[in-house]
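These notes are about the structure you will find just below.
The values are calculated or read from the model by the stated rules, or taken from the named source; none is laboratory data. Owing to the predicted nature of the structure, the values given are computational and were not obtained by experimental measurement. Glycine also receives a Cβ, built like all others from the backbone with ideal geometry; neighbour counts cover every protein chain displayed.
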Amino acid sequence: MTKILAVDDSASMRQMVVFTLQSAGYDVVEASDGQKALDIAKGTSFDLVLSDVNMPVMDGIELVKELRQIEAYKYTPILMLTTETAGDKKMAGKNAGATGWVVKPFNPDKLLATIKKVTG
Amino acid sequence: MTGVAQNNRILPPPMAGFESVKRYWDNAMAISTAKLMPGEVYVSGEDEMIMTVLGSCVSACIRNPRTNIGGMNHFMLPQMGASASMLTLDGTAARYGNWAMEVLINEILNYGGSKRDLEVKLFGGGKVLDNMTMDIGKRNIDFVFSFLDKEGINVVAHDVGDRFPRKLLYFPNTGKVRVRKLQSTNQATIVRREAAYLNDIKTSPRDGDIDLF
């Protein structure tokens, strides 16, 4: 079963994301900031990381940089799920090694199609 | 970026990302004013006023007293049929509410501070139509309180529910609010505007773009 790490500091947003992913049959683990996500990712392997950008402690861009340093996550798809539309943030995400940039509010079907595409 | 001249008054430049919100010089109050329509968000650190009119929609007025940056959103959850449950609320309907709250909070926190610093005031959610099959206003109120509760953010003031539309004035750099309950003569326009917004998000969902690098 495809395993996804969903990272967002907003509990309400996490609930919605997890619901969307679980409805589609994915195995989901949640984290509320980049540091917690990094710690979880080191202990378990995931097929995809779906992360918010603006978070306390460690933001999403920093998380991508950290994950790409780890051998097991060098090629793992990492999608950013964010309200940020600014080009410079998106560029920072791309340069850090993110696989894609999904802007909220997200359409559940389109998000699932994108996940299928990058994990396929 | 320079300010925008209007009626010989210079409006302060809007923050990046909020250029599309309509602004004008309010002569009576002698202040630059942003007029928020359903679905919009506006954040400012200037001496400005944010004005909106709420029927069953809800507005959160949020400010960080440490940075004097504050703002307002104006939203409504999409209407759903009789089969609507908490499940569909989690899956799709909540996404505009989640988005409106997150954009507002993130923009304010981009200038410093953390969620626990925020001062939140909530308005709107009136049951402005007698023949509503469900109380849309209440659903919006329940959503916003539940959102803030999950985030651990306190609400310092609120004026929600009841049967009236409200005219809301918010001063983001001081946190002051003025609310006026409107009489029924104004209701038709408000109800029409909110219905148009609901129809708009139903027929052309405002989903964000997806880019694969």
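Filtering region B:1-33 to residues that are over 17 Å from B:Tyr111 (Cβ atoms) and of a type in the set (A, V, I, L, M) leaves B:Val4, B:Ala5, B:Ile10, B:Leu11, B:Val21, B:Ala28, B:Met29, B:Ala30, B:Ile31. Applying the criterion of being in contact with a Ser or Thr (Cβ under 9 Å, 6 or more places away or on another chain) and charged (D, E, K, R) to the residues of region B:94-113, the residue that is nearest to the other protein chains (Cβ to nearest Cβ) is B:Glu102. Only one of the numbered conditions (1) under 26 Å from B:Phe143 (Cβ atoms); (2) buried (at least 16 other Cβ atoms within 10 Å of the Cβ); (3) more than 8 Å from chain B (Cβ to nearest Cβ) is violated by A:Leu111, and that is (3).
The set of residues in region B:14-35 being under 13 Å from B:Leu169 (Cα atoms), under 15 Å from the mean Cα position of the chain (by Cα) and among the charged types (D, E, K, R) consists of B:Lys35 alone. Select from region A:60-83 the residues that are crowded, with 16+ Cβ neighbours inside 10 Å and among the acidic types (Asp, Glu) and write down the one among them that is nearest to the other protein chains (Cβ to nearest Cβ). Only one residue tops the list, namely A:Glu62. When you look at A:Met16, is it at pLDDT below 95 and within 13 Å of chain B (Cβ to nearest Cβ), yes or no? For A:Met16, the condition - at pLDDT below 95 and within 13 Å of chain B (Cβ to nearest Cβ) - is met. Of everything in region B:169-211 that's small (Gly, Ala, Ser) and more than 14 Å from chain A (Cβ to nearest Cβ), which residue is surrounded by the most Cβ atoms within 10 Å (Cβ to Cβ)? Result: B:Gly175.
Counting only residues that are within 7 Å of chain B (Cβ to nearest Cβ) and touching a residue at least 24 places away in the same chain (Cβ under 8 Å), region A:84-101 holds 1 of them.
Looking at region B:30-46, which of its residues are buried (at least 22 other Cβ atoms within 10 Å of the Cβ) and part of a strand (DSSP E or B)? Correct list: B:Ser32, B:Ala34, B:Val41, B:Tyr42, B:Val43, B:Ser44.
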